[in-house]
Amino acid sequence: MEAMRESWTDERLDDFRAETARRFDTIDRRFDKIDERFDKIDERFERIDAKFDRVDARFDDLYRAVIFLGGGAIVTFVVGFAGLIVAG
């Protein structure tokens, strides 16, 4: 194993700085690619949200139909029983 050097020359520090900058530039490019992938994922979630909005609307329509039919059935029973009472 090579022993650690006690001092750094200006040339070595410049090389170290350049290598460090190069590596961070590589990391920045990789993060840019990751950001692009997240943008695509966001678009997919927006499409899924739109589909869920349509499903929610259909359930709302179904709920209104059930309430309407249930209310109509109750009114029919009340009118029928009132007719039996009056006729009887």
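The values are calculated or read from the model by the stated rules, or taken from the named source; none is laboratory data. These figures come from a predicted structure and were not determined experimentally. Every residue, glycine as well, gets a Cβ built from its backbone with ideal geometry; the counts of neighbours run over all protein chains shown.
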Check: Does any residue of region 18-29 turn out to be part of a helix (DSSP H, G or I), surrounded by 10 or more Cβ atoms within 10 Å (Cβ to Cβ) and modelled with pLDDT under 90?
Finding: no
Margin query: Could you tell me how many of the residues in region 1-15 are assigned to a helix (DSSP H, G or I) and either at pLDDT 90 or above or charged (D, E, K, R) (or both)?
Written below: 5
Notebook entry, point to check: Mind checking whether some residue in region 48-67 is among the β-branched types (Val, Ile, Thr) and within 19 Å of the chain's Cα centre (by Cα)?
Noted result: yes
